[in-house]
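Down below is the structure, laid out as structure tokens.
The values are calculated or read from the model by the stated rules, or taken from the named source; none is laboratory data. A quick note: this is a predicted structure, and the numbers were derived from the prediction, not measured. Neighbour counts are summed over all protein chains in view; Cβ atoms, including those assigned to glycine, are modelled from backbone coordinates with ideal geometry.
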Amino acid sequence: MRRTAQFARASAAVLLAALALAAAPANHKTRAIIFVMTDGLRWQEVFRGADAALMNKEHGGVSDVESLRRAFWRETPQERREVLMPFLWRDAAKAGQVFGNRDAGSDSSVTNGFNLSYPGYSEALTGFADPRVKSNDPIPNPNATVLEWLSQKAAYRGRVAAFAGWDTFNAILNTERAGFPVNAGFEPFVPDEMTPRFELLNQLKTEMPRLFDGVPFDSIPFYTALEYLKQRKPRVLFLALGETDEWGHLGDYAQYLRAAHRFDAYLRLLWATLQTMPEYRGGVTLIVATDHGRGEGGEDWKGHGARIPDSKYNWMAFLGPDTKALGERSHIAPVTQNQMAATLAALLGEEYEAGTPIRDVLP
């Protein structure tokens, strides 16, 4: 009797999932979403490449300027940004869309007014800016995210997961209430089925130097998420990396650029892996974004927040089968952080309860 009941429940879940997919528009191809964010990576580097004003000891803390210039300096902004983030510009921009180049009349910004990480992530994931979420204090988020909302639907139950460098994501995603796996900070990841890869990553978390408070190096959450992707094949995977912001706050421009370059390499590996998996190939959309910007030049580039108004400007990119290949967007209406949750849901054929989707990236 118990097996019969379990089989009936499983059959009902499969039927509901099939009906949900069948209800999507006929031209709708996205079956899964991978949403990746990197903390505090300025739109200036993304669209202009390395900043000459910061490639020095005075403002960028650079000890070996010539080495950094050989790696990331080129004559034009287009060349500089491509050598810094080759996947974004050679692959994602050509086959998808990138927003946020203010030099080209494409504004992307947060609306929360605080220009801080917790408010920025919360805005992106809930679809609105809540004035109660005004600092980086690890207070459990009173608002449900789009991840939580999706995870409660039959088609996504057990198919949503989140990995993050910053331990405050336990509060942002409210792990006590979320109902899906969340692994953040230096916490070991303990899945239902442990693999040698997970065991090694957990060991590295324990043994690695803790240079940043509550944030491991990006390689740890990235490879943990990648292993989970291969093992569990979720329909919605959220990944947040933190090194760009940490090096920025330390005023180390060389390491900040290298972290941005590694982030791009992780995106390339992630996308290449997805194309080898029949569960994702031809049916996955990659969303890439940041939680806030930073100041412009001088000492302001190291920080962000309400005292630096320009740190509200961010950027975002979309690559997938339902997004037209319009490339780098220019001379268009502004897009905002509070549109991201609804856009993520709409790409899956779902109508989210907050925010307005970015129509240009939808089928």
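For the reader, a short list of remarks on this structure follows.
- Hey, residue 165 touching a residue at least 40 places away in the same chain (Cβ under 8 Å), under 26 Å from residue 264 (Cβ atoms) and under 16 Å from the mean Cα position of the chain (by Cα) or not: yes
- Of the residues making up the range 113-130, those that are out of contact with any Lys or Arg (no Cβ under 8 Å at 6 or more places or on another chain), assigned to a helix (DSSP H, G or I), of a type outside the set (A, V, I, L, M) and buried (at least 24 other Cβ atoms within 10 Å of the Cβ) are 117, 120, 121, 122, 123, 126.
- Flag set for residue 244, criterion: of a type in the set (S, T, N, Q), in a helix (DSSP H, G or I) and within 17 Å of the chain's Cα centre (by Cα).
One line per residue, one yes/no per condition, for (1) without any contact (Cβ under 8 Å) to a residue 40 or more places away in the chain; (2) over 20 Å from residue 274 (Cβ atoms):
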residue	(1), (2)
203	yes, yes
231	no, no
235	no, no
242	no, yes
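- Within the range 301-337, considering residues that are free of Cβ contacts under 8 Å to residues at least 24 places away in the same chain and part of a loop (DSSP other than H, G, I, E, B), the one nearest to residue 120 (Cα to Cα): 307
- Residue within the range 136-155 that is small (Gly, Ala, Ser), within 21 Å of residue 43 (Cα to Cα) and assigned to a helix (DSSP H, G or I) present: no
- Number of the exception - residue 191 against (1) within 20 Å of the chain's Cα centre (by Cα); (2) in contact (Cβ under 8 Å) with a residue 24 or more places away in the chain: (1)
- Number of positions in the range 262-282 that are buried (at least 18 other Cβ atoms within 10 Å of the Cβ) and of a type outside the set (A, V, I, L, M, F, W, C): 4
- Any hit, the range 114-133, residues being of a type in the set (A, V, I, L, M, F, W, C), at pLDDT 95 or above and out of contact with any helix residue (DSSP H, G or I) (no Cβ under 7 Å at 6 or more places or on another chain): yes
- Flag if residue 189 is over 18 Å from residue 118 (Cβ atoms), out of contact with any Pro (no Cβ under 7 Å at 6 or more places or on another chain) and aromatic (Phe, Trp, Tyr): yes
- Residues located in the range 274-289, provided they are within 23 Å of residue 340 (Cβ to Cβ) and hydroxyl-bearing (Ser, Thr, Tyr): 280, 285
- The range 214-240, residues that are crowded, with 19+ Cβ neighbours inside 10 Å, of a type in the set (D, E, K, R) and either modelled with pLDDT under 95 or not in a helix (DSSP H, G or I) (or both): 218, 235
- Filtered by the rule that a residue be at pLDDT 95 or above, part of a loop (DSSP other than H, G, I, E, B) and of a type outside the set (Lys, Arg), the range 283-300 gives 283, 290, 291, 292, 293, 295.
- Among the residues of the range 329-343, those identified as buried (at least 19 other Cβ atoms within 10 Å of the Cβ) and in contact with a helix residue (DSSP H, G or I) (Cβ under 6 Å, 6 or more places away or on another chain) are 337, 338, 340, 341.
- For the range 69-112, the set of residues classified as assigned to a helix (DSSP H, G or I) and β-branched (Val, Ile, Thr) consists of 83 only.
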